[in-house]
Amino acid sequence: MRRVTEKDAYEVIRSAGSQGLLQSDLWRSLNTNSREGSRIATKLEKKGLVRRARELCEGRWTYRLYVDEKIQLSEILWCTLDRCPCFICKSLPQCGLGQTISPTACSILDTWLIEQAVENNGKEIPEEKDESSN
């Protein structure tokens, strides 16, 4: 079974539209368990990508997840690294996956990515050119 990512979860929530998605429906659609679904939803909320609203559903408390309309993750222009904070970071030599300083836990990088999403909201994503066809 492949590992469920935050991006996978974000796309499922985004596809639910303005009515949002119950957290229980999220983890079911991702083929994972409630613990993993809750962990991912909480991470997305902390990053400011989704909003969680407590809701009583069939006698049980759960959360309804909504995408922040100001930020559309799919609109980030991944092909540009303009102003990426990593290139001027003093901690770059110590930064890496599994290290104390890591891009997966960097608030500066997260902020930059969110700014890119907001800045590029509504713009078409340019297609990457296939270098092998030249």
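So for region 15-24 (the condition being within 18 Å of Trp61 (Cβ to Cβ), in the same structural domain as Thr62 (by TED's automatic domain parsing) and part of a helix (DSSP H, G or I)), does at least one residue qualify? Spell out the reasoning first.
So in region 15-24, the residues within 18 Å of Trp61 (Cβ to Cβ) come out as 20-24.
Still in the running and in the same structural domain as Thr62 (by TED's automatic domain parsing): 20-24.
Imposing the further condition that a residue be part of a helix (DSSP H, G or I) reduces the set to 23-24.
So far as region 15-24 goes, yes, one or more of its residues are within 18 Å of Trp61 (Cβ to Cβ), in the same structural domain as Thr62 (by TED's automatic domain parsing) and part of a helix (DSSP H, G or I).
Got at least one residue in region 46-67 being at pLDDT 90 or above, aliphatic (A, V, I, L, M) and surrounded by fewer than 17 Cβ atoms within 10 Å (Cβ to Cβ)?
yes
Thr42 - would you say it is assigned to a helix (DSSP H, G or I), modelled with pLDDT of 80 or more, of a type in the set (Val, Ile, Thr) and not assigned by TED's automatic domain parsing to the domain that holds Tyr10? Spell out the reasoning first.
Values: assigned to a helix (DSSP H, G or I): yes; modelled with pLDDT of 80 or more: yes; of a type in the set (Val, Ile, Thr): yes; not assigned by TED's automatic domain parsing to the domain that holds Tyr10: no.
No, not satisfied.
The values are calculated or read from the model by the stated rules, or taken from the named source; none is laboratory data. For clarity, every value in this text was computed on a predicted model and none was experimentally measured. Backbone-built Cβ (ideal geometry, glycine too); neighbour counts: all protein chains shown.
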